[in-house]
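Trainee: Here it is, the structure in full.
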Amino acid sequence: MHPAPSGVQPQNPPAHLWSIRFLDAELPEFKGGGLAWDSDGTPPDPFVRLRIDGRVVWESPVQKDTRHPVWNITLPRSIYVPPGANFRLELWDDDAASADPAGVLLRSGLPETALPNAVTHLNLDNLAVVTVTISDAAVFKGVGIEFEQRSDALVVLQVEPFSPAARAGIKPGERIVAIGSSRVEALGPARAASDLSMGADRGSTLTVMDGNGKEREATLDRDFLWLTM
């Protein structure tokens, strides 16, 4: 797996897949009820947490004693946010004993103000603002399989959803027993792993065995790979 060449423009990129960069935030002077953020009068220790359909996909580092935290961090993978997805952005104040909620933004799908390739200010329910940029998802070349080497097979542990492997119907738990006309047993694990890594570039046909020992052929396309969180 490696980044696609600079400037590449995929013909049919997946819909609703985005790269997101968290720039900074601005918190109000007081938290709910007009109370001070911390009992000793110091500013909050904010961090943000992103949930999609209830699952935590990313949490930022904590910024100490500030109402104006700066992260400037791009998520390491893209996020998939179809129109019906539950998009929940949470702002928290970190304390020694616990974390206190400092604001929430909840939307169905990507927030309507989050325009591609523009700086977007997301208004939370406590008057806090989180600033982000949304852009096209990063593009890679590769097969999209995490596997374990065996003497006679490459055992599939994980498949990236937007990958040649996923589009070929390969699933976790299956065993790749041949690449092209060569059996993994004859190639050896190291050579088989190397040949598989080039499978998407070559449009290789893999022989895949399911849990019942039934074999089928799965042909990898030469299209791109998108990594998601």
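The values are calculated or read from the model by the stated rules, or taken from the named source; none is laboratory data. These numbers come from a predicted model, not from an experiment. When we count neighbours, we look across all protein chains shown, and the Cβ atoms used for this are built from the backbone with ideal geometry, even at glycine.
Trainee: Restricting to the range 67-101, name every residue that is buried (at least 20 other Cβ atoms within 10 Å of the Cβ) and farther than 28 Å from Val139 by Cβ.
Mentor: Answer for the range 67-101, where residues must be buried (at least 20 other Cβ atoms within 10 Å of the Cβ) and farther than 28 Å from Val139 by Cβ: Pro69, Glu90, Leu91, Trp92, Asp93.
Trainee: Could you go through the range 179-196 and let me know if any residue there is touching a residue at least 12 places away in the same chain (Cβ under 8 Å) and under 20 Å from Asn12 (Cα atoms).
Mentor: no
Trainee: Only one residue in Phe140, Phe162, Phe224 is closer than 26 Å to Val57 by Cα, crowded, with 17+ Cβ neighbours inside 10 Å and at pLDDT 95 or above. Which one?
Mentor: Exactly one of Phe140, Phe162, Phe224 is closer than 26 Å to Val57 by Cα, crowded, with 17+ Cβ neighbours inside 10 Å and at pLDDT 95 or above, namely Phe162.
Trainee: Is it true that Ile179 is within 26 Å of the chain's Cα centre (by Cα) and among the β-branched types (Val, Ile, Thr)?
Mentor: Working: within 26 Å of the chain's Cα centre (by Cα): no; among the β-branched types (Val, Ile, Thr): yes.
Here the answer is no, as Ile179 does not meet what is asked.
Trainee: Given the criteria surrounded by fewer than 17 Cβ atoms within 10 Å (Cβ to Cβ), within 13 Å of Val48 (Cα to Cα), modelled with pLDDT of 95 or more and not hydroxyl-bearing (Ser, Thr, Tyr), does Val104 qualify? Walk me through it before giving the result.
Mentor: Details: surrounded by fewer than 17 Cβ atoms within 10 Å (Cβ to Cβ): yes; within 13 Å of Val48 (Cα to Cα): yes; modelled with pLDDT of 95 or more: yes; not hydroxyl-bearing (Ser, Thr, Tyr): yes.
Here the answer is yes, as Val104 does meet what is asked.
Trainee: Among the numbered conditions (1) at pLDDT below 95; (2) surrounded by 14 or more Cβ atoms within 10 Å (Cβ to Cβ); (3) of a type in the set (A, V, I, L, M, F, W, C), tell me where Leu122 comes up short.
Mentor: Every listed condition holds for Leu122 apart from (1).
Trainee: Let me ask something else. Looking at Asp100, is it closer than 30 Å to Ser163 by Cβ and among the acidic types (Asp, Glu)?
Mentor: Against the criterion (closer than 30 Å to Ser163 by Cβ and among the acidic types (Asp, Glu)), Asp100 does not qualify.
Trainee: Could you list, in sequence order, the residues of the range 137-153 that are out of contact with any helix residue (DSSP H, G or I) (no Cβ under 8 Å at 6 or more places or on another chain) and more than 21 Å from Ala15 (Cβ to Cβ)? Lay out the reasoning, then the answer.
Mentor: At the first step, the residues of the range 137-153 found to be out of contact with any helix residue (DSSP H, G or I) (no Cβ under 8 Å at 6 or more places or on another chain) are 137-140, 146, 148.
Those that are out of contact with any helix residue (DSSP H, G or I) (no Cβ under 8 Å at 6 or more places or on another chain) and more than 21 Å from Ala15 (Cβ to Cβ): Glu146, Glu148.
Trainee: Say whether the condition of being under 18 Å from the mean Cα position of the chain (by Cα), aromatic (Phe, Trp, Tyr) and closer than 30 Å to Leu196 by Cα is met by at least one residue in the range 58-67.
Mentor: no
Trainee: Among residues belonging to the range 106-149 that are in contact with an Asp or Glu (Cβ under 7 Å, 6 or more places away or on another chain) and in a loop (DSSP other than H, G, I, E, B), point out the one that is nearest to Phe87 (Cα to Cα).
Mentor: Only one residue tops the list, namely Ala128.
Trainee: Another question, then. Filter the range 197-221 down to the residues that are free of Cβ contacts under 8 Å to residues at least 24 places away in the same chain and among the acidic types (Asp, Glu) and list them by number. Explain how you work it out, then say what you get.
Mentor: At the first step, the residues of the range 197-221 found to be free of Cβ contacts under 8 Å to residues at least 24 places away in the same chain are 198, 202-203, 212-214, 216-217.
Matches in the range 197-221: Glu217 only.
Trainee: Checking the conditions here, which among Arg88, Arg77 is within 14 Å of Arg49 (Cα to Cα) and either out of contact with any Asp or Glu (no Cβ under 9 Å at 6 or more places or on another chain) or at pLDDT 95 or above (or both)?
Mentor: Arg88
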